[in-house]
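Scroll down for the structure; my scribbles are underneath it.
What follows draws every value from the coordinates through simple rules; no lab data is involved. This is a predicted model, so every value here is computed, not measured. FYI the Cβ positions are ideal-geometry reconstructions off the backbone, even for glycines, and counts take in every protein chain you see.
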Amino acid sequence: MTHTRVPFLFIALLLLSALTLAQVQPARDFSKQNARPSQDWVRDAVIYQIFPRQYSTNGDFNGITKDLDRLKTLGVDVLWLMPIHPIGEVKRKGTIGSPYAVKDFYAINPDYGTPADFKRLIAEAHRRGMKVIIDIVANHTAWDSVMMKTPAFYTRNEKGDIVAPVPDWADVADLNYDNPELRKYMIEMLKFWVREYDLDGFRCDVAGFVPTDFWETARAEVDKVKADTLWLAEWESPDLMVNAFNLDYSWAMHAMLDRVLHGQMPAYELRKVWEDQAAKFPRGSLRMRFSDNHDERRAIARFGEKGALAAQALVFTLDGIPLVYNGMEAGDTTESGAPALFEKRPIFWQFAERRPEMVKFYPAMIALRKSSNALRRGELRWIRNSDEARVITFARRAGAEEIVVAINMSSSPFVGTLEASGSFDEVTPNAPERTVALPAISLEGHGFRIFRRRN
């Protein structure tokens, strides 16, 4: 998502889009199809989102390259860089403008450095075993984009005027995918970045605003340049997962997580969302799980410190691929969504001195995930507990390994039971190692506990 919006406008737009499609074509059942298969490194990944101009004091590629050893130690596998292209000036919002108002898809924002700087960042990440993907904004451009030299690339209203995708996104102009020449231009652009920079894939902004058949063709063409890349759709629609994308956003789960942690909905609604989506999506679909990103207020600001840890504990243990947004591991509260999306607001890394629990949580949780086939690839089974309005409990299993997760979504302590029995080793990050006997369990307010046994 790219521009100023009310909370969860994305979900509203998604539903509106789905309803519109339903009016013009019969519903298609994707649940009986298989999702596009993903390579092991995708299935095992921890994705780390970087807003380059906010990441360091200088806000450039070199500031990221200097920090790669720390990111490797943290346990990150995939670096996702928000748009790295020059930002438009015409109709821009704020002082600097949104990075999603792209002026030239073939160029690099000079504020971030040179092409050589970017190539060095990618090469150094690869040397450490990390992958790099970049944000692609295929739906629209800045009003002063180089593509404006070809007006036929853009959508027009009945008066013949080029239009924005939605009224609130006044700083960008909508691209017209009915034009086959535009499609060729965008596919060649995607191939350019993989061929010239050895990138490992793309995060595709508002992917549902672009026709699915374009993404499928683009994916097939890019695969000829470099096989086994990662494509992440910023959308939530089953059709995207069949041929085009490895991952999508689990927006509905995130929206419900927000409501549950604010006491607006009972915790068991998270299970209902998961079950509803599992019944609709292709078999084997990979969903990106997140509690924070550049479109939202920081999780720590929305949920408090303990609530933010509970939310991210769910992200790391639920099925799917977890996202860490830059600065979360330091407890940063600096906003990067609107209006800060259009300004320079560097991460305040010194928050780490006041948030030791955050500093300990992230590497420990990532290490646990990497040590557990059940957490990375295991099937998920929801299990009952004695207060499902406040507590969620589920199990992950792969082979002989079983993981049981319990998370208190309320601020009040919980003492009760869950639907699991026997002897387990407690593997909760930064908790004492011990053997416990379930089903009895206690949790602090917004507390979480993780147990493992091997049969």
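When both bridge partners sit in the chain, DSSP labels roughly 60% of those beta bridges antiparallel. The long axis of helix 299-317 is offset from the longest Cα principal axis of the chain by roughly 80 degrees.
Candidate cross-link partners of Lys149 among the aspartates and glutamates, defined by an alpha-carbon separation under 14 Å and a same-chain spacing of 8 or more, comprise Asp104, Glu181. For segment 147-190, the extents of the C-alpha atoms along the principal axes are 29, 19, 18 Å, listed from largest to smallest. Straight Cα distances below 20 angstrom link Lys191 to the lysines Lys103, Lys119, Lys131, Lys224, Lys226, with same-chain residues fewer than 8 positions distant left out.
Simple rule: put +1 on each Lys or Arg Cβ and -1 on each Asp or Glu Cβ in segment 30-377, find the dipole, and look at Val242, Leu232, Ala352; the Cα lying farthest toward the positive end is Ala352.
Per the Debye formula on identical point scatterers at the alpha carbon atoms of segment 117-227, with no solvent, log10 I(q)/I(0) at q = 0.14, 0.16 Å⁻¹ is -0.63, -0.79.
Note on the chain: Rg/Rh from Cα positions, Kirkwood definition for Rh, rounded to two decimals, is 0.96. Once both labels are positioned 7 Å from their Cα atoms along Cα-to-Cβ, the gap between Arg297 and Lys66 label points is 3.3 nm. With a simple spin-label model that places each label point 7 Å from the Cα along the Cα-to-Cβ direction, the separation between Asp168 and Lys344 comes to 2.8 nm. Residue farthest toward the positive end of the dipole of segment 381-454, with Cβ of Lys/Arg at +1 and Asp/Glu at -1: which of Thr428, Ser410, Gly445? Selected residue: Thr428.
Shape descriptor for segment 381-454: Rg over Rh equals 0.94 (Cα atoms; Rh from the Kirkwood inverse mean 1/r). In percent, rounded to a whole number, the relative contact order of the chain is 15, using alpha-carbon pairs under 8 Å and six or more apart.
Label segment 206-246 by shape, choosing from rounded, prolate and oblate, from the square roots a ≥ b ≥ c of the eigenvalues of the Cα gyration tensor; if a/c is under 1.5 it is rounded, and otherwise prolate applies when a/b is larger than b/c, oblate when it is not. Prolate, because a/c is 1.5 or more and a/b exceeds b/c.
Of the peptides 410-421, 427-438, the ranking by mean beta-carbon count within 10 Å, highest at the top, reads 410-421, 427-438. With everything on Cα atoms, drop me the angle between helix 356-370 and the longest principal axis of the chain, reported from 0 to 90° to the nearest 10. Relative to the chain, helix 356-370 is tipped by roughly 90 degrees.
Could I have the simple spin-label model distance between Ala440 and Glu196, label points 7 Å from Cα toward Cβ, reported in nm to one decimal? Result for the modelled spin labels: 6.6 nm. Between Ala278 and Arg384, the contour length at 0.36 nm per residue exceeds the alpha carbon distance by 36.3 nm.
Each of the peptides 308-319, 275-286 was scored by the mean count of other Cβ atoms within 10 Å over its residues; in descending order, highest first, they stand as 308-319, 275-286. Dividing the Cα radius of gyration of segment 24-139 by its Kirkwood radius returns 1.07 for Rg/Rh.
Segment 51-126 and segment 244-303 have Cα centres separated by 27 Å. Taking the Cα centre of the chain as origin, work out the dipole magnitude from +1 charges on Lys and Arg Cβ and -1 charges on Asp and Glu Cβ, in debye rounded to 20. It works out to roughly 820 debye.
Per the helix-only calculation at 222 nm, which mean residue ellipticity applies to the chain, given -39500 (n - 2.57) for every DSSP H run of n ≥ 4 and division by its residues, nearest 500 deg cm²/dmol?
Calculated from helices alone, the mean residue ellipticity at 222 nm is -9500 deg cm²/dmol.
Highest mean first, the peptides 91-97, 291-297 sorted by other C-beta atoms within 10 Å per residue fall in the order 291-297, 91-97.
Which of rounded, prolate or oblate describes segment 357-403 when judged by the alpha-carbon gyration tensor and an a/c cut-off of 1.5? The shape class here is oblate.
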